[in-house]
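This report refers to the structure that appears directly beneath it.
Every number here is computed from the coordinates shown, using simple stated rules; none is lab data. Owing to the predicted nature of the structure, the values given are computational and were not obtained by experimental measurement. Backbone-built Cβ (ideal geometry, glycine too); neighbour counts: all protein chains shown.
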Amino acid sequence: MQPDRFAQAAVWLENARAGDVARTHVADELLAELSDLGKPAPSDVAEVARALDRFYMTTRYPDALAGANPLHVYRAADAHLAKQWATQILTYVERQIEDAKQSQ
């Protein structure tokens, strides 16, 4: 799974657990929906979600690069950074789930 999709899935699950049905794949919008439910994400998590969203369209739909070769657009450093960002979002969501379990 691509890091952006992994992060989206994690936030989607947290939205569902909070009683909301997410209707987007954009991690930043998913976090905004959590905020609307009274669970705002920390600014650092929201920032990496916005950064990770840059990879969504172009990695899911390579023709979105308007003729550019993805091999020439993204480098290994981009993949490592995307993985770090996805891990940060996942850690946040896992913490939210664990906190909810403990408060029950």
Q) On full extension of the chain, what length is gained from residue 35 through residue 64, given 0.36 nm per residue of separation minus the C-alpha to C-alpha distance? A) 7.4 nm
Q: Quick one: order 59, 91 by neighbouring beta-carbon count within 10 Å, fewest to most.
A: 91, 59
**Q.** For 45, 26, order by how many other beta-carbon atoms lie within 10 Å, fewest first
**A.** 26, 45
Q.
So if each residue of separation counts as 0.36 nm, and I subtract the Cα-Cα distance between residue 43 and residue 81, what length gain in nm does that give?
A. 11.9 nm
